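Engineer: One structure, as structure tokens, below. Some questions next.
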Amino acid sequence: MTSAISSHKKTVRLVTSAIMLALATVLSLIKPVTMPLGGSITLLSMLPICIVSIKYGVGWGLGTAFAYSLVQLAFDFSAALSWGLTKQAVVACFLIDYVLAFTSLGISGIFRKKGHSGVCLGIALAIFLRFVCHVISGGVIFDIWCEWDNAWVYSIAYNGTFMLPEMILTVVAAYFILKLPQMKSAITSE
């Protein structure tokens, strides 16, 4: 009987994660602001992935976020190939700007047992780590496009223009969603 319950819980967890992954993907296509060299402000596209990590823990969150990174890479694959990068730079870009950056969202649940402030802090940390990945990519790989004297300063400024609003919007939305008793119960219980 225990294995049936465990199997049922795993199925529910997998289906919930797949739905949240699909929701995150759809929300990532709604871009009120799109940057000229990649990046955008979306309609809370990271929040569903963060919720998976908050609900099921960092391990499961990292797995779901990794799947999300591959989906995002698939959507941007042809655009990334058109950037005129060397083969090595394209591989590095895929790894840093997509796989590492989007997978970092999976750690959102790291402080999930510390209440609202822990959830918000975990989401902010995860999005900050995504920002760091984009900054590293910009400072190292995209140095060829940099018109500023310092590619790192440019990368911080450029990536900050869309990642900071994304972080604020996502954290604020998570805070208010968790204030709703029904959502808090659905997110924090398995």
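Engineer: Quick check, is residue 65 surrounded by 19 or more Cβ atoms within 10 Å (Cβ to Cβ) and either within 30 Å of residue 115 (Cβ to Cβ) or not aliphatic (A, V, I, L, M) (or both)? If you could, list the steps in order and put the result at the bottom.
Structural biologist: Values: surrounded by 19 or more Cβ atoms within 10 Å (Cβ to Cβ): yes; either within 30 Å of residue 115 (Cβ to Cβ) or not aliphatic (A, V, I, L, M) (or both): yes.
Criteria met by residue 65.
Engineer: If you take the residues in the range 35-63 that are touching a Phe, Trp or Tyr at 6+ places or on another chain (Cβ under 8 Å) and among the hydroxyl-bearing types (Ser, Thr, Tyr), which one is modelled with the highest pLDDT?
Structural biologist: Step by step, filter the range 35-63, then rank; the result is 53.
Engineer: Separate question: Can you tell me how many residues within the range 118-129 are crowded, with 23+ Cβ neighbours inside 10 Å and of a type outside the set (A, V, I, L, M)?
Structural biologist: The total comes to 1.
The rows are residues; the columns are (1) surrounded by fewer than 21 Cβ atoms within 10 Å (Cβ to Cβ); (2) in contact (Cβ under 8 Å) with a residue 24 or more places away in the chain; (3) at negative phi.
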residue	(1), (2), (3)
15	yes, no, yes
21	yes, yes, yes
35	yes, yes, yes
40	yes, yes, yes
43	yes, no, yes
46	no, yes, yes
49	no, yes, yes
52	no, yes, yes
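Engineer: I'm told residue 57 meets every condition in (1) surrounded by 20 or more Cβ atoms within 10 Å (Cβ to Cβ); (2) within 21 Å of residue 128 (Cβ to Cβ) except one. Can you identify the failing condition by its number?
Structural biologist: It is condition (1) that residue 57 fails.
Engineer: I'm checking my understanding of the structure. Among residues of the range 99-116 that are crowded, with 24+ Cβ neighbours inside 10 Å and not small (Gly, Ala, Ser), which one is farthest from residue 81 (Cα to Cα)?
Structural biologist: 105
Engineer: Just to confirm my filter: which helices (runs of 4 or more DSSP H) fall fully inside the range 5-116 and include at least 3 residues that are within 15 Å of the chain's Cα centre (by Cα) and either within 23 Å of residue 161 (Cα to Cα) or of a type outside the set (Phe, Trp, Tyr) (or both)? If you could, list the steps in order and put the result at the bottom.
Structural biologist: Values: elements: 47-56, 58-81, 87-93.
In the range 5-116, 47-56, 58-81 are the helices (runs of 4 or more DSSP H) which contain 3 or more residues that are within 15 Å of the chain's Cα centre (by Cα) and either within 23 Å of residue 161 (Cα to Cα) or of a type outside the set (Phe, Trp, Tyr) (or both).
Engineer: In this structure, is residue 137 surrounded by 16 or more Cβ atoms within 10 Å (Cβ to Cβ), at pLDDT below 95, polar (S, T, N, Q) and touching a helix residue (DSSP H, G or I) at 6+ places or on another chain (Cβ under 7 Å)?
Structural biologist: For residue 137, the condition - surrounded by 16 or more Cβ atoms within 10 Å (Cβ to Cβ), at pLDDT below 95, polar (S, T, N, Q) and touching a helix residue (DSSP H, G or I) at 6+ places or on another chain (Cβ under 7 Å) - is met.
The values are calculated or read from the model by the stated rules, or taken from the named source; none is laboratory data. None of the values given here were measured: they were computed from a predicted structure. As a convention, Cβ positions derive from the backbone with ideal geometry for all residues, glycine included, and neighbour counts pool all protein chains shown.
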